[in-house]
Amino acid sequence: MTAAAVGLDLSLTSTGVAHLHDDDAERCTARIRVTATAPMGVRLRNIVTAADEFAGLTAAEMVVIEDLPTHARAAGLTGQLHGAVKMWMADRALPPPVTVPPATLKVFATGRGNADKTAMVVAARDRLGYLGTADDEADALWLLEIGLHLLTHPARVALPATHLRALAKLAGA
């Protein structure tokens, strides 16, 4: 079965992954953690491999990732992981991932572009039924939800127009 969408909140310390279970009724999340002392190439490969094993990236119609942060050091290091994911997908002739700017993700989840991590988790708990407390998993769930909306997948959650305006920024995705 083809996965509708996969949400990835990429991080070198704790990557959040979300997808729908095979019956399309349940959202599944995971956190991928790798050893910080491992060589960078090994860390990158382990994150991408674990995300594929958990969520089936190769079977997804759409992969949605949060865009790079704006602060230089984190963007440079996390950018390596973004590049690894994009190269991995290209090597398998998959469409490139949809990238979502952080403020757009926050508007989609909370209606506000400056929402903090706690607000993102609370919104995931209130609207998506998330039972955890990890902000990376909550972000991945919201990225999955964007993918489902873009694909007009029937499992998507109803959101107010103030939240859905974020999708207009992703036109052409």
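Brief remarks on what is shown
- Residue match in the range 43-60 (condition: exposed (fewer than 12 other Cβ atoms within 10 Å of the Cβ) and assigned to a loop (DSSP other than H, G, I, E, B)): no
- Looking only at residues of the range 121-164 that are free of Cβ contacts under 8 Å to residues at least 24 places away in the same chain and polar (S, T, N, Q), we find that the one that is surrounded by the fewest Cβ atoms within 10 Å (Cβ to Cβ) is T152.
- Test set (1) closer than 30 Å to V42 by Cβ; (2) among the small types (G, A, S); (3) out of contact with any Leu (no Cβ under 9 Å at 6 or more places or on another chain) - A119 fails condition number: (1)
- Subset of the range 107-120 (residues that are surrounded by 24 or more Cβ atoms within 10 Å (Cβ to Cβ) and farther than 18 Å from C28 by Cα): F108
- Residues satisfying the stated conditions in the range 60-111, i.e. acidic (D, E), free of Cβ contacts under 8 Å to residues at least 60 places away in the same chain and within 19 Å of L141 (Cβ to Cβ): D67
- Residue count for the range 125-147 under the criterion of being more than 26 Å from T58 (Cβ to Cβ) and part of a helix (DSSP H, G or I): the result is 4.
- Qualifying positions in the range 145-158 - out of contact with any Lys or Arg (no Cβ under 7 Å at 6 or more places or on another chain) and hydrophobic (A, V, I, L, M, F, W, C): I146, L150, L151, A155, A158
Quick note: the coordinates plus some simple rules give every number you see, no bench work behind them. A quick note: this is a predicted structure, and the numbers were derived from the prediction, not measured. Quick reminder, even Gly has a Cβ in these numbers, built from the backbone with ideal geometry, and neighbours come from all protein chains shown.
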